[in-house]
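Notes follow the structure.
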Amino acid sequence: MFRLLLLALLAVSFSASAIVIRDDVDDSKYRVPASEFPALADLPGEGHGVLIAPRWVVTAAHAVTWQSQIRQVTINGIPRDVERLVIHPGYKKPPQKLLDQALATWDWTLFRVLLSSSDDIALLELAHPITDVAPAAINEGDDEFGQVVRIMGKGATGNGATGYEFSDSHRAELRHAYNKITSADGRWLCYIFDKPSDALPLEGGSGSGDSGGPILIQTGKDWLLAGLTSWSDPQSAIRTPGRYGQISCNIRLSHYNDWIESIISGQPQAGG
């Protein structure tokens, strides 16, 4: 089933427990209350989005396309009705045949090529404007390389030494972690989940179910929305997701500013 792809590869970890953590740091240090980021939107079942305007939520396209319809999302603990879904025209849904081949041989080369060339972004228009939560501001700069980012999610969790199982719950408690951007260009921001000897004090990575969750970058005193959890590069030698060395790639919102603004303003454009 294509949903296996989402859970196994895209939900941002082997795809994006909630955040995979260091094995030598207590889990309590990673947990945060929902009030820490009220603009976080919970999709039905699993996955996230972020409120960026009173009537608009941005999310990963793969986090919504496996569902037949998105009628509601939950923001600040309150269900909000969804009026319509807008998927970027450049989104490419991986064919089942390609997934089957990769799962059978563990050769993800062509699957990886397809993921990296896809515009994995979508917008949800809400039926009514939200007045009790301030929308998150999008980072407009392109200097993300080398910067420390903060990631959040309620997806599958585990630690870098043992990873986690695909069968683990994809909707858990909210956690956050930090990482450093190791590459930033075009559609993507990527980072590596390093071993403790090379890691940040609260280093972490994304897990299945974190897809569409925020990647925040600090500018002055403010945390701006720089990206969204998307997919992780399958490791050829390690079939357990969430282990140290995992590379996670995230939707780079500065690349999609024009597309987002065109949809919100009602003047859609062809590309992102």
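The values are calculated or read from the model by the stated rules, or taken from the named source; none is laboratory data. Treat the numbers as computed from the prediction; the structure is a model and nothing was measured. Don't worry about glycine lacking a Cβ; one is built from the backbone with ideal geometry, like all the others, and counts go over all protein chains shown.
Okay, residues lined up against (1) within 24 Å of E203 (Cβ to Cβ); (2) in contact with a His (Cβ under 9 Å, 6 or more places away or on another chain); (3) of a type in the set (S, T, Y):
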{"site": "R84", "(1), (2), (3)": "no, no, no"}
{"site": "K93", "(1), (2), (3)": "no, yes, no"}
{"site": "Q96", "(1), (2), (3)": "no, no, no"}
{"site": "L110", "(1), (2), (3)": "no, no, no"}
{"site": "D132", "(1), (2), (3)": "no, no, no"}
{"site": "V148", "(1), (2), (3)": "yes, no, no"}
For this session: Scan segment 38-51 residue by residue and report those that are surrounded by fewer than 21 Cβ atoms within 10 Å (Cβ to Cβ) and of a type in the set (A, V, I, L, M, F, W, C).
Result: A39
Exercise. Mind checking which pairs have a first residue in segment 245-263 that is outside any strand (DSSP E or B) and a second that is among the polar types (S, T, N, Q) and crowded, with 23+ Cβ neighbours inside 10 Å, Cβ under 8 Å, 6 or more apart or different chains?
Worked result: Q246/S13; Q246/S232; L253/N139; S254/N139
Problem set entry | Selection count, segment 91-130, where residues are surrounded by fewer than 19 Cβ atoms within 10 Å (Cβ to Cβ) and under 17 Å from the mean Cα position of the chain (by Cα) | 6
Seminar exercise, completed: For strands (runs of 3 or more DSSP E) lying entirely in segment 38-144, having 1 or more residues that are under 19 Å from S262 (Cβ atoms) and basic (K, R) picks out 78-87
Problem set entry | All positions within segment 141-158 that are over 14 Å from the mean Cα position of the chain (by Cα) and modelled with pLDDT of 90 or more | G141, D142, D143, E144, F145, G146, Q147, V148
Problem set entry | Residues of segment 199-222 satisfying the condition of being over 16 Å from G158 (Cβ atoms), surrounded by fewer than 24 Cβ atoms within 10 Å (Cβ to Cβ) and modelled with pLDDT of 95 or more | L200, P201, L216, I217
Problem set entry | Criterion: closer than 21 Å to L253 by Cα and either modelled with pLDDT of 95 or more or surrounded by 15 or more Cβ atoms within 10 Å (Cβ to Cβ) (or both) - qualifying residue of V82, V133 | V133
Seminar exercise, completed: Of the candidates Y178, Y244, Y256, the one satisfying the condition of being touching a Lys or Arg at 6+ places or on another chain (Cβ under 6 Å), among the aromatic types (F, W, Y), more than 17 Å from R112 (Cα to Cα) and at pLDDT 95 or above is Y178
For this session: Could you run through segment 136-153 and say how many residues are under 30 Å from S28 (Cβ atoms) and out of contact with any helix residue (DSSP H, G or I) (no Cβ under 9 Å at 6 or more places or on another chain)?
Result: 9
